[in-house]
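Any read-out appearing in this document is the output of simple, stated calculations on the displayed coordinates, not a laboratory observation. These numbers were taken from a predicted model, which means no experiment stands behind them. Note that each Cβ is placed from the backbone with ideal geometry, even for glycine, and that neighbours are counted across all protein chains shown.
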Amino acid sequence: MSQSFLLSRILLQFDSDLDDLLGEISAIARTPDGSLWVGSDEFMAVERLSPIAPGIYGKHQKFHLADFVELFDHDSEVDIEGMDYSDGYLWLVGSHSTKRNKTKGKKVKKDIQRLAEIETDPNRYLLARIPIINGAPVKTCDRTDQDRLSAAALRKVQGQSSLIEALAEDEHIGPFLKIGLPSKDNGLDIEGLAVCGDRLFLGLRGPVLRGWAIILELELAESEPGTLTLQPLGDSEERYRKHFVDLNGLGIRELCLRHDDLIILAGPTMDLEGAMQVFLLEDVLDHSQDTLWEQDSGALRLMFNLPFTIGSDHAEGLTLMPCLGDDGLMIVYDTPDEARRPNPTSVFADVFQLPPLDKSSD
């Protein structure tokens with residue numbers, strides 16, 4: 001399969017017409033009760049939508065992250081770029097990136113100066129989980145007598161997450177951190193998250209190294225109430241693994257697990273218009289060391305290309321969505337085309353066909 005096949009469209013109805021929400025949806029996850037959880041680039045909250053009719057989600061509710069986990073500050077955006085649900089928890093990750101100021105098109109001298117200015121929003125370094133009980137987020141809950149769910153965030157170190165501390169000396173990523181290269185300039189930019197239990201996969205939009213995109217694999221545990229720490233992987237002392245993938249030179253824009261396989265949404269790493277593609281990496285839970293995957297390996301393959309619209313419909317979020325009796329792949333968009341906005345408070349998402357699972361050898 002190289003061309004996408006659109007199975008359905010899902011209407012997402014919000015109680016707000018803010019472009020910072022409907023125009024900048026960056027992540028989505030579906031929980032077992034059928035709810036959709038939506039994240040935006042611009043807020044410090046997550047949004048829940050519930051099914052209200054076939055193909056329509058509404059009953060919009062907003063939940064502020066500060067009510068469940070400790071943020072870095074009370075002002076800066078989280079820049080939620082990845083969301084997933086696993087084993088009772090909604091997980092989310094910020095971009096962990098710095099940003100270069102945008103030009104405003106008013107005064108040339110000031111715009112030139114703005115292009116030299118790099119800013120840091122502390123809340124972008126958030127990596128957190130929140131229990132979901134009966135369709136609602138909670139701080140803590142006893143699921144059974146021996147099983148307690150609790151909201152928690154990755155340990156903070158000097159105003160950043162401990163992940164940045166761990167990556168600072170990495171031979172591939174460390175140099176980009178040392179020179180402070182911002183996102184959209186091929187600097188560090190986390191835009192994908194997939195979770196299986198306490199095992200996390202983080203997809204990097206950047207850096208892309210000589211055409212190779214990077215997936216970080218972590219394992220987290222709660223070391224004290226509200227705090228997650230990086231755990232050693234296997235018998236080694238390493239706190240993360242790196243998986244290098246050939247995505248035709250593209251960076252990673254989101255991840256989604258389908259059983260043991262990882263669906264990868266890929267797009268340009270720089271701030272430019274370009275094609276977006278969906279790949280599949282098989283059996284990602286089976287590896288105990290760093291890996292490198294070419295497309296002729298048999299484990300990594302292109303599933304389909306997404307329709308390309310210049311200036312709009314930038315695919316950002318993925319989640320599995322049952323459709324016509326099988327798994328579909330639901331995709332939401334940043335900067336949605338006007339045709340996706342039937343009214344000021346609603347936007348359409350797409351559900352694409354996925355190939356049948358082939359696990360006959362299992």
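As I understand it, the dipole of the chain uses +1 on the Cβ of Lys and Arg and -1 on the Cβ of Asp and Glu, about the Cα centre. Which of Asn101, Leu216, Ser8 lies farthest toward its positive end?
Positive-most Cα among the choices belongs to Asn101.
Would you compute, from DSSP H runs of 4+ residues alone, the mean residue ellipticity of the chain at 222 nm, taking -39500 (n - 2.57) per run and dividing by the full residue count, rounded to the nearest 500? If you can, show how the numbers build up before the last one.
Details: 4 runs with 22 residues, N = 362.
It lands at -1500 deg cm²/dmol.
I need the phi-derived Karplus couplings for the stretch 161-172: 6.51 cos²θ - 1.76 cosθ + 1.60, θ = phi - 60°, integer Hz, Gly and Pro marked x.
Working through the residues one at a time gives 7, 5, 5, 5, 4, 5, 7, 4, 9, 5, 5, 9 Hz.
Here are some pairs, Lys99/Lys139; Lys99/Lys156; Lys156/Lys184; Lys59/Lys102; which of them have Cα atoms lying more than 26 Å apart in this structure?
Lys99/Lys139; Lys59/Lys102
Once you charge only the Cβ atoms, +1 for Lys and Arg and -1 for Asp and Glu, what is the size of the charge dipole of the stretch 169-276 about its Cα centre, to the nearest 20 debye? Present the calculation step by step, with values, prior to reporting the outcome.
On the way: 10 positive and 20 negative charges, 75 e Å.
The dipole magnitude comes to about 360 debye.
Evaluate the Debye formula for the stretch 1-77 with equal point scatterers sitting on the alpha carbons, no solvent, and hand back log10 of I(q)/I(0) at q = 0.13, 0.19, 0.26, 0.28 Å⁻¹, in q order, two decimals.
Result of the Debye calculation: -0.47, -0.88, -1.32, -1.41.
Between rounded, prolate and oblate, where does the stretch 66-143 land on the alpha carbon gyration tensor, with a ≥ b ≥ c its root eigenvalues, rounded for a/c under 1.5, else prolate if a/b exceeds b/c?
On the way: a/c = 3.87, a/b = 3.29, b/c = 1.18.
Prolate, because a/c is 1.5 or more and a/b exceeds b/c.
Ranked highest first by average number of other Cβ atoms within 10 Å, how do 313-320, 244-251, 269-276, 72-79 line up?
Numbers: 313-320: 23.4, 244-251: 19.6, 269-276: 14.5, 72-79: 17.5.
Ranked from most to least packed, the peptides come out as 313-320, 244-251, 72-79, 269-276.
Averaging sequence separations of C-alpha pairs under 8 Å and six or more residues apart, then dividing by the length of the stretch 93-151, give the relative contact order as a whole percent.
It comes to 29 percent, rounded to a whole number.
Where Lys and Arg each count +1 and Asp and Glu each count -1, what net charge lies around Ala221 among other residues with Cβ under 13 Å from its Cβ?
Numbers: positive: Arg129, Arg155, Arg199, Arg239; negative: Asp198, Glu219, Glu222, Glu224.
Cβ neighbours under 13 Å give a net charge of 0.
Magnitude of the Cβ-charge dipole of the chain, K/R +1 and D/E -1, about the Cα centre, nearest 20 debye? Write down the numbers at each step before the final one.
On the way: 35 positive and 62 negative charges, 233 e Å.
My answer is approximately 1120 debye.
Label the stretch 1-152 by shape, choosing from rounded, prolate and oblate, from the square roots a ≥ b ≥ c of the eigenvalues of the Cα gyration tensor; if a/c is under 1.5 it is rounded, and otherwise prolate applies when a/b is larger than b/c, oblate when it is not.
Note, shape of the stretch 1-152 comes out oblate.
Measure off 7 Å from each Cα along the Cα-to-Cβ vector at Ala275 and Thr144, then give the distance between these two points in nanometres to one decimal.
4.9
For the chain, what relative contact order do you get, as a whole percent, if you take Cα pairs closer than 8 Å and at least 6 residues apart?
Result for the chain is 17 percent.
With Cβ to Cβ distances under 14 Å as the rule, what net charge do the other residues near Ala53 carry (K, R +1; D, E -1)?
+2
What percentages make up the Cα-Cα pair-distance distribution of the stretch 42-315 when the bins are 10 Å wide from 0?
Cα pair-distance distribution for the stretch 42-315, in percent: 6, 27, 35, 23, 7, 1, 0.
Just want the answer: with Cβ charges of +1 for Lys and Arg and -1 for Asp and Glu, which residue in Ile310, Gln146, Gly197 is farthest toward the dipole's positive end in the stretch 42-315?
Farthest towards the positive pole: Ile310.
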